[in-house]
Amino acid sequence: MIKNKILTMLVGYILVCSYPALAQRSDGKLVKGRLHTIIYQKNGTTAEGYLQNNFSVGGYPISSSYHIPSAIDTVMRIKPDNKMMEKSQKYRTQDIDSMSTWLDELPEIKLTWEPCPVDFAFGGREPATESYPSMLLLLYKGKHVKGYMSHHPAFGFKFLFLMSDMPYAKAFLIVGEKLSNRRRKTLLDTFYMYPGMEDYINSLTKDSVKDDPFCILKKLDELLGSDKQ
């Protein structure tokens, strides 16, 4: 997977470049401000175009509109040519197997999105879930655990994890946050069933998760692959 510093820069670049969308499609020219997208459906068909999904975020970090999937989107909308009067094609998240996106300026860096129901609540709190799968940005893929990023209008940008026996991906960190005492407690509540995780979480410094948000999942992968779990 992408190295953490590169990942942080890339995610930031996508967020910045995704607003405002000023792109106007012209044959032979790059489209800026929209993600070039290929949708792979469960029935084996594909669709390609430019993602039209967007959402507004007031004060995060400034009032702006981002043109990336939101956790509340039930469909992905794309335009094959991104023309102004072109009609969007709609694809339900429940029918999507996966989605690949990239910026035309950086075609060598492709990102993978996967649909999955999400619990945006931390620790042992009552689950905050939607009744449909959200499109999640895959940022970590271990042997036993996957790590994602997503945004919900009510809960903000969060990192999530998923194991094969989980009914939904679960939030474990806020994107860009340091490890506060409160977050350390919710991490302990989240991973309490893995004894080896308690000492590891307690050993983390305030900047550990900000520098490498998936260090926790790497440790969990290590434990799941050993006799220490």
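If the condition is being more than 16 Å from I72 (Cβ to Cβ), of a type in the set (D, E, K, R) and touching a strand residue (DSSP E or B) at 6+ places or on another chain (Cβ under 6 Å), then region 103-135 contributes D104, K110, E114. Taking the numbered list (1) among the aliphatic types (A, V, I, L, M); (2) over 14 Å from the mean Cα position of the chain (by Cα); (3) closer than 21 Å to Q41 by Cα in turn, L106 passes all entries but (3).
Inspect region 107-119 for any residue being farther than 13 Å from H152 by Cβ, among the β-branched types (V, I, T) and modelled with pLDDT of 90 or more and give the result as yes or no. Lay out the reasoning, then the answer.
We begin by selecting, within region 107-119, every residue farther than 13 Å from H152 by Cβ; these are 107-116.
Those still in the list that are among the β-branched types (V, I, T) too: 109, 112.
Then keep just the ones that are modelled with pLDDT of 90 or more; that gives 112.
Looking for residues that are farther than 13 Å from H152 by Cβ, among the β-branched types (V, I, T) and modelled with pLDDT of 90 or more, one finds at least one in region 107-119, hence yes.
Across region 42-75, the number of residues qualifying as part of a strand (DSSP E or B), surrounded by 16 or more Cβ atoms within 10 Å (Cβ to Cβ) and at pLDDT below 90 comes to 4. Going by the conditions given, is K178 farther than 28 Å from S56 by Cβ, among the basic types (K, R) and touching a residue at least 24 places away in the same chain (Cβ under 8 Å)? When the stated conditions are applied, K178 does not pass them. Residues in region 76-124 that are open to solvent by 70 Å² or more (accessible area, probe 1.4 Å), in contact (Cβ under 8 Å) with a residue 24 or more places away in the chain and either closer than 28 Å to T186 by Cα or not in a strand (DSSP E or B) (or both): K83, M84, Q94, G124.
The values are calculated or read from the model by the stated rules, or taken from the named source; none is laboratory data. Just so it is clear, the structure is predicted and the values come from calculations on it, not from any experiment. Positions of Cβ are backbone-derived with ideal geometry, glycine not excepted, and every protein chain shown enters the neighbour counts. Please note that ligands, DNA and RNA were not included when accessible areas were found on the heavy atoms of the full protein model with its side chains. Shrake-Rupley method; radii C 1.70, N 1.55, O 1.52, S 1.80 Å.
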